[in-house]
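Chemist: Shown below is the structure under consideration.
Since every read-out is calculated from the coordinates, none of them should be taken as a lab result. None of the values given here were measured: they were computed from a predicted structure. Cβ sites come from the backbone with ideal geometry, for glycine too, and all protein chains shown count toward neighbours.
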Amino acid sequence: MKILFLHGWHSIVGGVKPTYLKDAGHEVINPALDDDDFEAAVSTAQTEYDQHHPDVIVGSSRGGAVAMNIESKDTPLVLLCPAWKNWGTATTVKANTIILHSRKDDVIPFADSEELVTNSGLPPETLIEVGDDHRLADPEPLKAMLETCERLEKGARDERR
């Protein structure tokens, strides 16, 4: 599976989460996103999406807002504590989106993801509560991220048949 991983604000390329996906045997495109210019970050993400045609897009925190603001057709989204209220103009997500968020997140309120699900008219199970903090870099949330990517990619592949 080919995954476009969009990192968070002041996060590094090749961090724990994209490395976890890569170590699980997936091809991970992990571009450096501009921390100071949101539109530049969106442009970079759009270029990578258009060039690589990933099976799934994972966006972490600010990277989740970036993912919501690119033209990604029917490519599934996995959003990790998405910071959609802080950056960009998108206020909804498409049907094939899953959000992973910790209720204990002290950076992006869990309620923001609940609001995003409601805004989008999606079922409550779109939002999966996991982890103990904003980073979602412990074994449980990492495993949930991987399993969610694999499930969404399989569903999209089955729909194309």
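Chemist: Can you tell me what percent of all Cα-Cα pairs in the range 61-111 are more than 14 Å apart?
Modeler: When all Cα pairs of the range 61-111 are counted, 47 percent exceed 14 Å.
Chemist: Here is a follow-up. Applying the Karplus parametrisation 6.51 cos²θ - 1.76 cosθ + 1.60 with θ = phi - 60° to the phi angles of the range 66-71, what ³J(HN,Hα) value in whole Hz is obtained for each residue in order, glycine and proline being reported as x?
Modeler: 4, 4, 5, 9, 9, 7
Chemist: For the residue pair residue 104 and residue 137, what label-to-label distance in nm results when each label sits 7 Å from Cα along the Cα-to-beta-carbon direction?
Modeler: 1.6 nm
Chemist: In addition: For residue 147 and residue 94, what does the FRET efficiency come to when R0 = 35 Å and r is the distance between their Cβ atoms, rounded to the nearest 0.05? Mind dumping the intermediate values first?
Modeler: On the way: r = 20 Å, r/R0 = 0.57.
Computed FRET efficiency for residue 147 and residue 94: 0.95.
Chemist: How about the range 18-84: which trypsin sites (Lys or Arg not before Pro) there are in a DSSP loop, with at most 12 other Cβ atoms within 10 Å of their Cβ?
Modeler: Passing sites in the range 18-84 are 73.
Chemist: What distance in nm separates the simple spin-label points at residue 161 and residue 37, each placed 7 Å from Cα in the Cβ direction?
Modeler: 4.5 nm
Chemist: Here is a follow-up. Only counting other Cβ atoms within 10 Å, I'd like 120, 11 sorted with the fewest neighbours first. Present the calculation step by step, with values, prior to reporting the outcome.
Modeler: Working: 120 17, 11 20.
So the residues, fewest neighbours to most, are 120, 11.
Chemist: Same structure, new question: Please give the calculated 222 nm ellipticity per residue for the chain, where each DSSP H segment of at least 4 residues contributes -39500 (n - 2.57) and the sum is spread over every residue; nearest 500 deg cm²/dmol?
Modeler: After summing the helix terms and dividing by residue count, I get -12500 deg cm²/dmol.
Chemist: Oh, and also: For residue 6, list long-range residues whose amide hydrogen, built 1.01 Å from N in the peptide plane, is under 5 Å from its own amide hydrogen.
Modeler: 58, 59, 60
Chemist: Using a simple spin-label model with points 7 Å from Cα along the Cα→Cβ vector, what separation in nm is obtained for residue 52 and residue 12?
Modeler: 1.9 nm
Chemist: How high is the relative contact order of the range 2-160, in percent, with contacts defined as C-alpha pairs under 8 Å that are six or more residues apart?
Modeler: The normalised contact order for the range 2-160 reaches 19 percent.
Chemist: Right, here's the next one. Just rank 89, 118, fewest to most, by other beta-carbon atoms within 10 angstrom. Walk me through the numbers on the way to the answer.
Modeler: Numbers: 89 9, 118 13.
Exposure proxy ranking, most exposed first: 89, 118.
Chemist: Apply the Karplus curve 6.51 cos²θ - 1.76 cosθ + 1.60, θ = phi - 60°, to the phi angles in the range 11-23 and return the couplings in whole Hz, x for Gly and Pro.
Modeler: Karplus values, whole Hz, x for Gly and Pro: 9, 9, 5, x, x, 4, 5, x, 5, 4, 5, 5, 5.
Chemist: What would the Debye equation give as log₁₀ I(q)/I(0) for the range 2-160 at q = 0.10, 0.15, 0.21 Å⁻¹, counting only Cα atoms as equal point scatterers?
Modeler: The Cα Debye sum returns log10 ratios of -0.29, -0.69, -1.53.
Chemist: In sequence order, what are the phi-derived ³J(HN,Hα) couplings for the range 137-154 according to the Karplus relation 6.51 cos²θ - 1.76 cosθ + 1.60 with θ = phi - 60°, rounded to whole Hz, with x for glycine and proline?
Modeler: 10, 8, x, 4, x, 4, 5, 5, 4, 4, 4, 5, 4, 5, 5, 5, 5, 5
Chemist: Give the dimensionless ratio obtained when the Cα radius of gyration of the range 27-121 is divided by 2.2 N^0.38 Å.
Modeler: Dividing the Cα Rg of the range 27-121 by 2.2 N^0.38 Å gives 1.01.
Chemist: Based only on other Cβ atoms within 10 Å, what is the fewest-to-most ordering of 38, 5?
Modeler: Details: 38 19, 5 31.
The order, fewest Cβ neighbours first, is 38, 5.
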